[in-house]
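**Student:** One structure coming up, written as structure tokens, with questions to follow.
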Amino acid sequence: MPLLEFTNKGIYCDQAQVYIDPWHPVKKALITHGHSDHATSGHRQYIASALSVPIIKYRLGSHIQIQGYPYGETFSINGVKFSFHPAGHIVGSAQIRVEYKGEIWVASGDYKRSEDGLSTPFEVVKCHTFITESTFGLPAFTWKSQFEIINEINAWWQKNKEEGKISIIGAYALGKAQRIINNVDGSIGKIFTHGAIENTNEVLRRQGVAIAPTIKVDQYQAKDAYNGGLVIATPSAINSSWSRKFKSQSSANASGWMSLRGARRRRSVDRGFIMSDHADWQELLDTIKETGASTVYVTHGYTDIFSKYLREIGYDAHAVKTEYNGDEEVLSEDMLAETVE
Ligand SMILES: [Zn+2]
Ligand SMILES: [Zn+2]
């Protein structure tokens, strides 16, 4: 029996009787990070990286039974050694290393290689078998440096300010939002936040993560209080009644999907900034190579196309069906059809 198996509840280690990021309730769940497609509710016991414990509790309830381990610390369950290692995706995100009788597997969760100034930078972990995501596993996906993207956002914000417009940008509440808040040029104006984002900021600030100053959008504040400001909203709040209260505005969305034809139009935003918390095509390939793994399992996104390519270049690679559904960069069916056309 392989060390890890792919079951209808999630990735399973039979020897330790634990699941990794299970989507159906189990006794013992190891969680890679706080996004809702990975940290699901209903498990009897949770184990996660120490840094991600506050956000998982905030999202799933303070009643959950959860234990945190610092990055790199090994713990054993029935003879199997486990440890969490930085995945660079969001604060606290981890790859999970699993070792038993000399065999080593790593489950990556979601990851990216570029440093965002917030998440602990990705660490390469040597293994025999690597379970990789492939959210952006097509050659068309190549990211610019964070420096370039942030400059584009600053320039857009500055121009809107000069034209008397409020800048509203859609970003995922956990991860992308804080990445923008902490890296844009705060001398341009004030940064306002949607309630869901501000609540997340507060959880992170309480655990000691430095988040630049923000002001929660308050519907009773004078309308001109937002002039020259940058409003960070959840993607679904863009073009909703929530965002329509800002009279003269320019809207934008920050996502890896903004590199797709039609994505900006679908979101009905004025600008699309291509900023992702996932690895691009080249980063996926480099990472797999650096792990030294010969066997690769592919989850998330373009699993069939990406695993086929890996087989062509000599890996023992397999696509894995998962039921991850969540609040982050999940691709809708019609957008997927559009990319491969
Ligand atoms: Zn994620
Ligand atoms: Zn994910």
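**Student:** Can you spot a residue in the stretch 46-64 that is over 17 Å from ILE104 (Cβ atoms), charged (D, E, K, R) and surrounded by fewer than 17 Cβ atoms within 10 Å (Cβ to Cβ)?
**Tutor:** No - not one qualifying residue is present in the stretch 46-64.
**Student:** Name the residues in the stretch 279-300 that are more than 16 Å from ligand 2 (Cβ to nearest atom) and either aliphatic (A, V, I, L, M) or modelled with pLDDT under 95 (or both), would you?
**Tutor:** Result: LEU285, ILE288, ALA293, VAL296.
**Student:** Among GLY34, GLY137, GLY102, which is free of Cβ contacts under 8 Å to residues at least 60 places away in the same chain and small (Gly, Ala, Ser)?
**Tutor:** GLY102
**Student:** Next question, about the same structure. Within the stretch 310-333, work out how many residues are of a type outside the set (Gly, Ala, Ser), modelled with pLDDT of 60 or more, farther than 14 Å from ILE11 by Cβ and buried (at least 18 other Cβ atoms within 10 Å of the Cβ).
**Tutor:** 2
**Student:** Of a type outside the set (Ser, Thr, Tyr), crowded, with 22+ Cβ neighbours inside 10 Å, in the same structural domain as ARG266 (by TED's automatic domain parsing) and touching a Pro at 6+ places or on another chain (Cβ under 7 Å), is that true of GLY175?
**Tutor:** no
**Student:** I'm trying to understand the selection: among the residues of the stretch 31-61, which are within 16 Å of ligand 2 (Cβ to nearest atom), assigned to a helix (DSSP H, G or I) and under 14 Å from ILE90 (Cα atoms)?
**Tutor:** Hits for the stretch 31-61 are SER52, ILE55, ILE56.
The values are calculated or read from the model by the stated rules, or taken from the named source; none is laboratory data. Quantities reported herein were computed from a predicted structural model and do not represent experimental measurements. Cβ sites come from the backbone with ideal geometry, for glycine too, and all protein chains shown count toward neighbours.
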